[in-house]
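Participant: Sharing a structure below in structure tokens format, with a few things to ask.
The values are calculated or read from the model by the stated rules, or taken from the named source; none is laboratory data. Values in this document were obtained by computation on a predicted structure and should not be read as measured data. Backbone-built Cβ (ideal geometry, glycine too); neighbour counts: all protein chains shown.
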Amino acid sequence: MQNMIKEAYRYASYSLGEGAPADYIPELAKADTKRLAISITDLAGRTHSVGDSQVRFTMQSISKVVLLATALRFAGFGGVFARVGVEPTGDPFNSIIRLETDSSNRPSNPMINAGAIAVTTCIPGETPGERFEHVLEYARALLDNPELDYDKEVYRSESETGDRNRALAYMMRASKVIDGAVPEHLEVYFKACSLSVNCEEISFLGAVLANNGISPRGGKMLIEPFHVKVIRSLMSTCGLYDYSGEFALRVGIPAKSGVGGGIMGAVPSRMGIGTYCPALDPKGNSLCGLRAMEYLSQALNLSLF
Ligand code: GLN
């Protein structure tokens, strides 16, 4: 396994120097684009890594998986999917257009920003702090790091510049898809996006999803199997933004990317995969991460299709 990851690393590293970090969240523009890591966690809970697997970065859109898992836990399938659909859009992750053109006005799926914000509104609590605590506590279990926390600088940076997400939320409130105080929903959403993780931890999350929700370390059921099925299917159809179709064809692994540079993959009954490199392609996916996923999918015959 270690040799296979080394080969994937070598293949992916040919793309080092291409792409650029996200800069619409100013703090993310500071990332070192030479960092590259690949981790695999198997279903016995062993993690194998090559490269900068201890470097911390923010989850960004990978947190949409944690938000969805948390919301499903509290509000159930019916509660969550009353506010969000399950169809891929083919649009960029921060697109607003379908909130107006779709007759239901609901966001299309939980893996785009509008959908994740709608999902966030299903997480209960008296204050945004209490609501984020639910997310944080669950994230600590799902990523197997009891110390996990959010990055205050990235949170502040996104909070200061996140007007597009505010626009999405107010649009949804105007059409009564969501209710409650928009700034409070966004506090929870931005903090979740700022969860600070490393490549090994996201591969562990992938392994939990690959293992039908059961922790590969300790055997505890962390996500109920039906919710795992829902999450994995949405990752397959919507996890890589408007690259999801091509990713299904080239890689064929349920996965979720984030503009922090991470990609998390869950190969059912096989393994969890994490990749990290903050240089992104124009759609917001980590370029070296995509290369690594392609290599591993072919070398280990991981495509579901
Ligand atoms: N925090 C980012 C945003 O809301 C997450 C987007 C992403 O990773 N694609 O814009």
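For (1) modelled with pLDDT of 95 or more; (2) small (G, A, S); (3) closer than 17 Å to L302 by Cβ, each residue gets a yes or a no:
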residue: I202; (1), (2), (3): yes, no, yes
residue: N211; (1), (2), (3): yes, no, yes
residue: I214; (1), (2), (3): yes, no, no
residue: L222; (1), (2), (3): yes, no, no
residue: F226; (1), (2), (3): yes, no, no
residue: L240; (1), (2), (3): yes, no, yes
residue: S244; (1), (2), (3): yes, yes, yes
residue: A255; (1), (2), (3): yes, yes, yes
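Participant: Same structure, new question: Looking at (1) in a helix (DSSP H, G or I); (2) within 17 Å of the chain's Cα centre (by Cα), can you tell me which one E187 breaks?
Facilitator: Evaluating E187 over (1) in a helix (DSSP H, G or I); (2) within 17 Å of the chain's Cα centre (by Cα) leaves (2) as the failure.
So that you can scan it fast, the table gives a plain yes or no per residue for (1) in contact with a Cys (Cβ under 9 Å, 6 or more places away or on another chain); (2) under 17 Å from P110 (Cβ atoms); (3) free of Cβ contacts under 8 Å to residues at least 40 places away in the same chain:
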| residue | (1), (2), (3) |
| --- | --- |
| L205 | no, yes, no |
| L209 | no, yes, no |
| I214 | no, no, yes |
| M221 | no, no, yes |
| P225 | no, no, yes |
| S257 | no, yes, no |
| Y276 | yes, no, no |
| C288 | yes, no, no |
| L302 | no, no, no |
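Participant: Additional query: Here are some conditions: (1) surrounded by 20 or more Cβ atoms within 10 Å (Cβ to Cβ); (2) in a helix (DSSP H, G or I). E100 meets all but one. Which one does it not meet?
Facilitator: Condition (1) is where E100 drops out.
Participant: Looking at the stretch 197-266, what helices (runs of 4 or more DSSP H) fall wholly within it and have at least 3 residues that are surrounded by fewer than 23 Cβ atoms within 10 Å (Cβ to Cβ)?
Facilitator: 225-238, 244-250
Participant: Something else: Check whether at least one residue in the stretch 206-220 is under 29 Å from T161 (Cα atoms) and over 14 Å from the mean Cα position of the chain (by Cα), and report yes or no.
Facilitator: No, because not a single residue in the stretch 206-220 is under 29 Å from T161 (Cα atoms) and over 14 Å from the mean Cα position of the chain (by Cα).
Participant: Of the residues V66, V55, only one is under 27 Å from I231 (Cα atoms), in a loop (DSSP other than H, G, I, E, B) and either modelled with pLDDT of 95 or more or more than 16 Å from the chain's Cα centre (by Cα) (or both); which?
Facilitator: V55
Participant: Would you confirm whether or not the stretch 269-285 contains a residue that is part of a helix (DSSP H, G or I), more than 19 Å from A192 (Cβ to Cβ) and within 15 Å of the chain's Cα centre (by Cα)? Spell out the reasoning first.
Facilitator: To start, the set of residues in the stretch 269-285 that are part of a helix (DSSP H, G or I) comprises none.
Checked the stretch 269-285: no residue is part of a helix (DSSP H, G or I), more than 19 Å from A192 (Cβ to Cβ) and within 15 Å of the chain's Cα centre (by Cα).
Participant: Counting just the residues of the stretch 10-46 that are part of a strand (DSSP E or B) and in contact with a Gly (Cβ under 9 Å, 6 or more places away or on another chain), which one comes out nearest to P278 (Cα to Cα)? Lay out the reasoning, then the answer.
Facilitator: Applying the first criterion (part of a strand (DSSP E or B)) to the stretch 10-46 yields 20, 37-42.
Checking the rest, the ones that are also in contact with a Gly (Cβ under 9 Å, 6 or more places away or on another chain) come to 37-42.
Details: A37: 10, I38: 13, S39: 15, I40: 19, T41: 21, D42: 24 Å.
Applying the filter and picking the extreme gives A37.
Participant: Considering each residue of the stretch 12-22, count those that are in contact with a helix residue (DSSP H, G or I) (Cβ under 9 Å, 6 or more places away or on another chain), away from the ligand (no atom under 16 Å from the Cβ) and of a type outside the set (D, E, K, R), and give that number.
Facilitator: Within the stretch 12-22, residues that are in contact with a helix residue (DSSP H, G or I) (Cβ under 9 Å, 6 or more places away or on another chain), away from the ligand (no atom under 16 Å from the Cβ) and of a type outside the set (D, E, K, R) number 5.
Participant: Moving on. Considering only the stretch 23-67, state which residues are more than 16 Å from the ligand (Cβ to nearest atom), under 24 Å from K191 (Cα atoms) and without any contact (Cβ under 8 Å) to a residue 40 or more places away in the chain.
Facilitator: None; the set is empty.
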